[in-house]
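Worksheet: the structure to be examined is printed underneath.
Computed from the coordinates by the stated procedures, all read-outs in this text should not be read as laboratory data. Quick caveat, the model's predicted, so the values are computed rather than measured. Reconstructed Cβ throughout: ideal geometry from the backbone, glycine too, with neighbour counts over all protein chains shown.
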Ligand SMILES: C[S@@+](CC[C@H](N)C(=O)[O-])C[C@H]1O[C@@H](n2cnc3c(N)ncnc32)[C@H](O)[C@@H]1O
C-alpha cells in the first residue's frame, strides 16, 4: 500500500469520492471508493491518516465537482465514437465499474506498480466486475509506457479518449510534454484529450501541505511544480495536430446544483480533438 510518494495522492481522491457518494445530493456514485478508503486507513498510522483527511477537506469542493465533469466528458467522448479510453495516472478510478460503459469500450488504466499492488486486491475482495473490458497497464508515464500499452491490445487506429485527471499536473514540464507527444502519435483522427488550465499558486498552503505529505520521509519533492514561464498549451497542442476549445470552470459548473465559488475565468479545461 502506498503511504507516501505520488501514488498516495490517489488515496486522497478516493477519500473525496467516498464522501461524495455518501451525500444525499451526490454528484456521482462510486461505491468502491469506500472499500479503498477502509483498506487504506488500516495501513496508515493515526497521525498520517488525520493529515490525509485534512488534505481531502481542503481539496474536496473543487475536486469532487471535477470528478463529475470528467464523468460528463466520458459520455461525450463515447457519444462521439471513442471506443478506447486511457486513464493517465488512473489511481483508484472505478469508471470501468460504476458508469455502465458499453461493452465495446476498452478502458486502459495506466499507473505505477505500487498503486495496482493496492488496488487490484481490494477490487478482487469486493468481487467487483467491470461492465466493459478493463486493462491494467503497470507503467511509469515518465518511461516507455507506449510499448506496454500497445502490447496489451491498444489499437492506435481506433479513436481514443485520453484522460488526464489530476495526474500530469503542468504541461510546461518536460516529461508531461513527452507524454502528450506520445499519446498524439497514438491518436487516430477524432481522438480526444483534455487537460486543465489551472493557474495554481504552488505556494498556496494546500499545495505546500500536499507536497510535504507526499514527500513523506524523502528529502526530494516528488510532485512537479510549474515552471515560471508563459507556456501556451493551446498553441502547442494546435501545432501537434489538435483542435482545442477552452471551457471555463464557471461555465462548466453552471448547470450543477452545487455552489461553487466563481473562479478566475481563465481557469478551466482545454478540450482537444485530434485532426
Ligand atoms: C492525484 S492522483 C489522481 C488519480 C486519478 N486520476 C483520480 O482522479 O482519482 C495521481 C495519480 O497519478 C499517478 N502517477 C503519478 N506519476 C505517475 C507516473 N510517472 N507514472 C504513472 N502514474 C503516475 C499516481 O500514482 C496517482 O495514482
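When only Cα pairs below 8 angstrom with a gap of at least 6 residues are kept, region 1-102 shows a relative contact order of 36 percent. Each of 255, 135 has some number of other Cβ atoms within 10 Å of its Cβ, and from fewest to most they run 255, 135. Each label was represented as a point 7 Å from its Cα along the Cα-to-Cβ direction; for residue 103 and residue 151 these points are 3.0 nm apart. Can you work out the FRET efficiency for the pair residue 211 and residue 45, with r the C-beta to C-beta distance and R0 = 22 Å, to the nearest 0.05? Approximately 0.65, to the nearest 0.05.
Once you order the gyration tensor axes a ≥ b ≥ c over the Cα atoms, which shape class does the chain get: rounded for a/c under 1.5, otherwise prolate or oblate by comparing a/b with b/c? The shape class here is rounded. Computed over the Cα atoms of region 22-171, the ratio of the radius of gyration to the Kirkwood radius (Rg/Rh) comes to 0.96.
Only counting other Cβ atoms within 10 Å, I'd like 82, 132 sorted with the fewest neighbours first. Kindly include the intermediate steps, with their values, before the conclusion.
Working: 82 21, 132 18.
Ordered from fewest to most neighbouring Cβ atoms within 10 Å, 82, 132 come out as 132, 82.
Summary of packing: across the peptides 240-248, 83-91, 186-194, the per-residue average of other C-beta atoms within 10 Å ranks them, highest first, as 83-91, 186-194, 240-248.
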